[in-house]
Amino acid sequence: MNITITGAGGRMGQMLLHSVINHPQAMLFGATLRPENALIGKDVSALIGGANIGITLSSEPLKIIPESDVVIDFTLPDAAINHARICANSETAYVCGTTGFSEQQSRELDMCGHYIPVLRAANFSLGVNLLLGMVKQAAQILPDDYDIEIIEMHHRQKLDAPSGTALALGEACALGKISNGSNDDKRIADMMLPPHDGLSTTERAKGKIGYATLRGGTVVGEHQVIFAGTDERIIFDHRAQSKEIFAKGAVHGALWLGKQKAGLYSMLDVLNLASTP
């Protein structure tokens, strides 16, 4: 399956290049960089080392994406929306690991699922997606007097806060608390507090989910979901040791997505966990 990596010059982009090149069922078709990157026009090996592989680094996604089977995108929101539009117009499957979208951008990205297969995930690791299922189930089972707090820490250069994974965990908890109904989207949004820096002294409203964000060093990603009840706490904890788990998961998802019809998918679909209670 021919795969193109957008934003190949970033840390995640380079990891994705290695994962695609080393996967027996995947073939690297293209790799894009920002227009100002000095490596444009050179072989991909100039970016990741090793022998030449015959793939030239490009700044023109509009030329490369339409010839690809799947695009894997871990860029910034504005660039990701542009890549998604190109994919939708060229019937190319699209894997999105970008986070930090505005509400309008998020809606536009979801709309692409009407035309092409779109796999969207805040986190592509197997462990995190198992965690999503577990915290949803815990929220369903535990009484309403258990407060829910989510703590996340990433490296100092991460831009969005709370992380996309932290918000996904919050949404999973909210889904667990709320039964199906016509007003579910609004109730879930009401339960999830707006992003904040964790320093507010305002008392947490009953039933709201709180977030605390930490940034520092080279931490790949750590997430805790705490259910705090009277005289006890239940803590779910996931710690990523390397970005390689995200890259491998994204490639696994891309190979799965390339065989699907148009629609909006998550890693729970890829891992056959979508029916988790």
I'm trying to understand the selection: among the residues of the range 105-149, which are among the hydroxyl-bearing types (S, T, Y) and over 30 Å from R233 (Cα atoms)? S106, Y115
Check every one of the strands (runs of 3 or more DSSP E) wholly within the range 51-159 and list those with 2 or more residues that are open to solvent by 10 Å² or more (accessible area, probe 1.4 Å). 117-120, 147-154
Subset of the range 57-75, residues under 18 Å from L33 (Cβ atoms) and in contact (Cβ under 8 Å) with a residue 40 or more places away in the chain, comes to L57, P61, I64, I65, E67, S68, V71, I72, D73, F74, T75
If we keep only residues of the range 245-267 that are touching a helix residue (DSSP H, G or I) at 6+ places or on another chain (Cβ under 6 Å) and assigned to a helix (DSSP H, G or I), then the residue farthest from M1 (Cα to Cα) is M267
Could you look through the range 1-27, keep only residues that are more than 19 Å from the chain's Cα centre (by Cα) and closer than 17 Å to S58 by Cβ, and pick out the one that is surrounded by the most Cβ atoms within 10 Å (Cβ to Cβ)? I21
Here are K259, K243: which of them is touching a residue at least 40 places away in the same chain (Cβ under 8 Å) and of a type in the set (K, R)? K243
Take the conditions small (G, A, S), in contact with a Leu (Cβ under 7 Å, 6 or more places away or on another chain) and buried (at least 19 other Cβ atoms within 10 Å of the Cβ) and apply them to A46. Does it pass? no
Identify all residues within the range 204-218 that are over 17 Å from M192 (Cβ atoms) and either surrounded by 17 or more Cβ atoms within 10 Å (Cβ to Cβ) or not β-branched (V, I, T) (or both); write none if there are none. L214, R215, G216, G217
For the list (1) at pLDDT 85 or above; (2) under 21 Å from the mean Cα position of the chain (by Cα), I need the number of the one condition that D145 fails. (2)
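The values are calculated or read from the model by the stated rules, or taken from the named source; none is laboratory data. Just so it is clear, the model here is predicted, and its values are computed rather than measured. As a convention, Cβ positions derive from the backbone with ideal geometry for all residues, glycine included, and neighbour counts pool all protein chains shown. With ligands, DNA and RNA removed, areas are computed over all heavy atoms of the protein, side chains included. Shrake-Rupley method; radii C 1.70, N 1.55, O 1.52, S 1.80 Å.
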